[in-house]
């Protein structure tokens, strides 16, 4: 339970980190909060040749509102974002999801961008990003690009990030006036990854429901307004479409049940 | 930018419980092991080594976090406080430690140092917590002896005592 040897490089800015990724590519892993990566290193599930620590890059440590979005830099911790007094007004879905996300002690160090980068199918932050139609900003020595959640999350622990790219920022759209949102999950213990986690967002055009923990990545469906009768059919169809699998924590059947049950509650809540 | 090669034991300086200290270790060394083996802070307990049990929780620049999910190098130049820093220099216990003793909030004591470090930061941030908030904070720790009841009472009592003292100060 100790990491295999690696070279450690502490970057002082995003420019330095991007230059290092251009140099090492696949041989390197980016270390921000380390709340997942260090566990993977300890268990030797990851054995990178080089660790690039970006946690002291002052230019990546921010959370600020710009152009109608909450932009969060790669070094900003979950605790720092969670502690924003305005968060419940800015991105209420995030404020609802944060208490479910790990523990006080891991949020203190874990980063928002790191959770997005890891892309665990059951993690709350990728789910919220997908539900809200957020964006991921990637930078490399070749340039910068912005992807939406749908194009970024490709599968379990798999994203569109290229080996030389650094996730420098993620952007959550601010809640518009009449948007309503709700979040619910079921986990074996508080703070564990969810067996199923759901987020609903309703606006004038209809309802979006995102599901995590069931498919290999967060999945978002959109419906026009649904009446109560159509809701049950739509949720049943969604539950089957997600291709749930049995694992040691829960059966596929139970996960489909959770999608129908939690989905029903959330749709009623935001209706 | 600073590079640290894998095969070299690098000098790492940090403040430990208010005292400037230096030790030597390779980049892969965890902060928990560095604190225990190089700096002698054996109050940092190592349980699961993947961030679940919370026994190794210490404060770095005041913030409670897992020493098993932190490299020693990441704490370079930082201010680290372990359970050894909670009491007085003469060995007297701090108010949290005394309350844990009064409430039978420990039996074997393995998880206790981590819980104390979390509780110390938690109470600074939340001077008037309710039981639910204390239990939410405790969800980041595993205790297999006490059943948590005594721990919750001890933390709530210290919160009350500190508010009383602040009123009379």
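Scanning region B:2-14 for residues that are within 11 Å of chain A (Cβ to nearest Cβ), loosely packed, with under 13 Cβ neighbours inside 10 Å and in contact with a strand residue (DSSP E or B) (Cβ under 8 Å, 6 or more places away or on another chain) gives a single hit, B:3.
Among the residues making up region A:227-259, those that are surrounded by 18 or more Cβ atoms within 10 Å (Cβ to Cβ) and in contact with a helix residue (DSSP H, G or I) (Cβ under 7 Å, 6 or more places away or on another chain) are A:231, A:235, A:238, A:239, A:242, A:244, A:256, A:259. Residues in region A:114-137 that are more than 8 Å from the chain's Cα centre (by Cα), closer than 17 Å to residue A:60 by Cβ and crowded, with 24+ Cβ neighbours inside 10 Å: A:114, A:136. Residues in region A:93-113 that are touching a residue at least 60 places away in the same chain (Cβ under 8 Å) and within 12 Å of chain B (Cβ to nearest Cβ): A:100, A:101, A:102, A:103, A:106, A:109, A:110. Filtering region A:1-44 to residues that are assigned to a loop (DSSP other than H, G, I, E, B), within 10 Å of chain B (Cβ to nearest Cβ) and over 15 Å from residue B:1 (Cα atoms) leaves A:1, A:2, A:3, A:4, A:5, A:6, A:33, A:34, A:35, A:36, A:43.
Taken over region A:62-87, the criterion of being farther than 30 Å from residue A:1 by Cβ and assigned to a loop (DSSP other than H, G, I, E, B) is satisfied by A:62, A:67, A:68, A:83, A:84, A:85, A:86.
Residue B:80 satisfies every condition listed in (1) in a helix (DSSP H, G or I); (2) assigned by TED's automatic domain parsing to the domain that holds residue B:65 except (1).
Considering region B:60-82, and only residues there that are surrounded by fewer than 24 Cβ atoms within 10 Å (Cβ to Cβ) and over 24 Å from residue B:4 (Cβ atoms), the residue that is nearest to the chain's Cα centre (by Cα) turns out to be B:81. Taking the criterion of being within 14 Å of chain A (Cβ to nearest Cβ) and closer than 19 Å to residue B:62 by Cβ, the residues of region B:15-40 that qualify are B:31, B:32. Screening B:108, B:68, B:48 for residues that are at the interface with chain A (Cβ under 10 Å from one of its Cβ atoms), outside any helix (DSSP H, G or I) and modelled with pLDDT of 95 or more leaves exactly one candidate, B:48.
The values are calculated or read from the model by the stated rules, or taken from the named source; none is laboratory data. The structure displayed is predicted, hence computed values, not measured ones. For neighbour counting, all protein chains shown are included, and Cβ atoms are generated from backbone atoms with ideal geometry for every residue, glycine included.
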